[in-house]
1. Which net charge results for the neighbourhood of residue 140, defined as the other residues with beta-carbon distances under 13 angstrom from its beta-carbon, given Lys and Arg at +1 and Asp and Glu at -1?
2. Please report the relative contact order for the range 104-211, taking Cα pairs under 8 Å with a sequence separation of at least 6, and give it as a percent rounded to a whole number.
3. According to the square roots a ≥ b ≥ c of the eigenvalues of the Cα gyration tensor, what is the shape class of the chain, taking rounded for a/c under 1.5, prolate for a/b larger than b/c otherwise, and oblate for the remainder?
4. May I ask you to derive the FRET efficiency for residue 211 and residue 113 from their Cβ-Cβ distance with R0 = 30 Å, giving the value to the nearest 0.05?
5. Tell me, what HN-Hα J-couplings in whole Hz come from the Karplus equation 6.51 cos²θ - 1.76 cosθ + 1.60 at θ = phi - 60° for each residue of the range 221-226, using x for Gly and Pro?
6. If you average the sequence gap of Cα pairs under 8 Å that are 6 or more apart and divide by the length of the range 55-150, what percent do you get for the contact order?
7. Taking the mean number of other Cβ atoms within 10 Å as a proxy for protection, how do you rank 158-170, 6-18 from highest to lowest?
8. Just the accessible area per residue of the range 1-71, please: how many Å² with a 1.4 Å probe?
Amino acid sequence: ANAYDNLTIRNNLIQNTTDSAIRLGLGSGGGIGSDNWTITNNKIDNIVGNALTGMVLFNVDGLTVTGNVINHTNSSSTGRRGINLDGVLNATVSNNTINLGLVSPTDATAANTAAPWIVQLSMSDRAISNVIVSNNTVSGANLGIIGLSQRSMVNVDITGNTVSNVVSGIVLNTGGTAPVVSGVTMDVDVTGNTVSAATNAIFVRDLHDAASNGPVTFTGLDVTGN
């Protein structure tokens, strides 16, 4: 739950861990006030255990995650997830390769049990803003790149990614948690991605309209050149 500044995690091989390999926060907390993190050129292999995520990064302002490889493919582990970005500001997540092990999934329920999502943008403690998710290669899950809707997403670019072996590719305004504040807005560009999915390539959801803090409003949505 502490805040840490000016942290670099670089050129490591992390294998056979029984917890999420790189983690600041989980569910809530995770050091609001953490600044200037760089996580680059690490390889994470064979995470053992259920409901574990390759990287969990909460509430970092000034975050760069680039050139990492996550192979979270152990079929004996359920609930496999790639990178959870929660409450991050001024972040770039680029040129990472993430494989969660599913091949041509079509059953969303079974896929969600095995590997629910690859990259998640969420907002447990605060809204996210100025986030770029670009040129990543991700595969093998129920959902590829997703955005939840507890709070707003402002100036978010999802661009140039390759998403494959998923049931749905890029999904916005999803998840079971309704907005925890009123006036949630989504300002997102989805451009230049290549998606191969069984059901939805890009799915912008009308969800949580009936919630006490609903609805979620898309104030700036650009889906172009995918």
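The values are calculated or read from the model by the stated rules, or taken from the named source; none is laboratory data. Computed from a predicted structure; not experimentally measured. Cβ: placed from backbone, ideal geometry, glycine included. Neighbour counts: every protein chain shown. Ligands, DNA and RNA are stripped out before the accessible areas are found, and what is left, the full protein with its side chains, is counted by its heavy atoms. Shrake-Rupley method; radii C 1.70, N 1.55, O 1.52, S 1.80 Å.
1. Numbers: positive: 80, 81; negative: none.
Value of the local net charge: +2.
2. Relative contact order of the range 104-211: 28 percent.
3. Judged from the Cα gyration tensor, the chain comes out rounded (a/c under 1.5).
4. Computed FRET efficiency for residue 211 and residue 113: 0.70.
5. Karplus-based 3J(HN,Hα) across the range 221-226 equals 10, 10, 10, 9, x, 8 Hz.
6. Values: 248 pairs, mean separation 31.4, N = 96.
Here the relative contact order equals 33 percent.
7. On the way: 158-170: 23.6, 6-18: 12.3.
Those peptides, ordered most packed to least, come out 158-170, 6-18.
8. That works out to 45 Å² per residue.
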